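Some notes on the structure that comes next.
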Amino acid sequence: MVVSDAKSSPPKLVNGELSPAATTRLEALIDRWDPLGELRAANSHVVPDESKSSNSRRSKVRLPPPGCMIRRTYQGRQICVRVLEKGFEYEGQHYRSLSAVAFAVTGAKWNGNLFFGFVRQRKGGA
């Protein structure tokens, strides 16, 4: 609840509430927030491999360069995967793909890029 004495004075906030202006600004920021966009921006310096056929059905996912860590929380556990020149390292084991790492973590078949947040799941199936 906001209590105001006069038009010229700032509103007094009760119980630590946000002002109407702060609430409006916060809602606007939440509407624009895109966590995958932040990840894409962080990986924007990685150049895609142009040697693959342009009509390939494979998506052009940009992974971090070798030496970087990929982090994700899964069921309360922090999953940390190191990107290698050829493959990935998770808990001291070498894996050829992120899908193999996701399987080791969950015990279920996953698209590794989806599991680690490099792509979004398409809505509506295909």
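Read-outs: derived from the displayed coordinates by stated rules, not from any lab. Everything quoted here is computed from the prediction, not taken from an experiment. As a convention, Cβ positions derive from the backbone with ideal geometry for all residues, glycine included, and neighbour counts pool all protein chains shown.
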So for Tyr74, Tyr90, fewest C-beta neighbours within 10 Å to most, what's the order?
Tyr74, Tyr90
Between Cys68 and residues 5 or more places away or on another chain, the pairs with built amide H atoms under 5 Å apart involve Val83
Under the rule of at least 5 residues apart or a separate chain, name every residue whose amide H is placed under 5 Å from the amide H of Ile79.
Arg72, Thr73, Tyr74
Distance (nanometres) between label positions extended 7 Å along Cα→Cβ at Lys123 and Thr106
2.0 nm
Through the Karplus equation 6.51 cos²θ - 1.76 cosθ + 1.60, θ set to phi - 60°, convert the phi angles of the stretch 106-118 into ³J(HN,Hα) values in whole Hz; use x for Gly and Pro.
9, x, 10, 6, 9, 6, x, 5, 6, 4, 8, x, 7
P(r) of the stretch 69-115 in 10 Å steps, Cα pairs, percent per bin?
30, 63, 8
Which whole-Hz ³J(HN,Hα) couplings does the stretch 85-92 yield from phi under the Karplus relation 6.51 cos²θ - 1.76 cosθ + 1.60, θ = phi - 60°, glycine and proline marked x?
4, 10, x, 9, 10, 9, 6, x
Proxy exposure order for Val119, Val101 (fewest C-beta within 10 Å first) is Val119, Val101
